Amino acid sequence: MTQSETWQAATAKRIGETVRATREAANPKVTAAELARRVDALGYTYTRNALVNLEGGRKTSVDISELIAIAYALDVPPITLIYPGIPDEPVEYVPEITVDSWTAAKRFTGVDASDTHNQATALLIHHDELLQRVEHSRQELRKAKDETIHDGMRGWTPEKENIQQHRVSMSEDILDFSVKALQRHRTAMRNAGVAPPASGAFADNNDQPDLFHEGDQP
């Protein structure tokens, strides 16, 4: 095995181990089957066997789409799955170049932790991304509910009813994940001294769950 192949396999192994540790540390604990179901529900075709192979170190590479989908399903930043040893644990950033995990994370994201402006910009950009994710999830849930209400499931087969009910349930779960991720990011912004943007964008949506915990207002 070449140095490049060894590095690639080690990176995949590290990510797989971190995925397993992250889902097992969740409260409540997330099973492999549940995590695979969440990833698959996002539109990235995924199975429990694929997840088990990743966590067990039997994969020698990780697709970036797979990484992003898993991180989203676990409600954690993808960077924490790539570099779990932040800040001080050494990591081979590229073959034969080892740095501390914090330096690797900064190089990967392009954000210099000593640059306050860059930090604020990155936080605001991610906030916008999370808001868009919430809005998209809200729209998908509304569509699923509207189809159920308007059609009334009249003439539907039991199988079709089950599929539609499952779709509504999954849409509710994804919206809940999105909202919680936004809540945590707003808290992180305030802790970093960055004021979160106004949150009134969804105020007129009666079917939208509360976006912010009590006291979490801009």
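Throughout, read-outs are computed from the coordinates displayed, never taken from laboratory work. Note that the coordinates shown come from a computational prediction; the quantities given were computed from them, not determined experimentally. FYI the Cβ positions are ideal-geometry reconstructions off the backbone, even for glycines, and counts take in every protein chain you see.
Along the axis of the charge dipole computed for segment 25-143 (Cβ charges of +1 for Lys and Arg, -1 for Asp and Glu, origin at the Cα centre), the listed residues Val62, Ala105, Pro95 are led at the positive end by Val62. Packing around the peptides 130-136, 92-98, 23-29, 180-186, taken as the average count of other Cβ atoms within 10 Å per residue, puts them in this order, highest first: 180-186, 130-136, 92-98, 23-29. Summing Cβ point charges (Lys, Arg +1; Asp, Glu -1) relative to the Cα centre of segment 3-109 gives a dipole of roughly 320 debye. Excluding same-chain neighbours fewer than eight residues apart, the lysines reachable from Lys59 by a Cα-Cα span under 24 Å are Lys13, Lys29.
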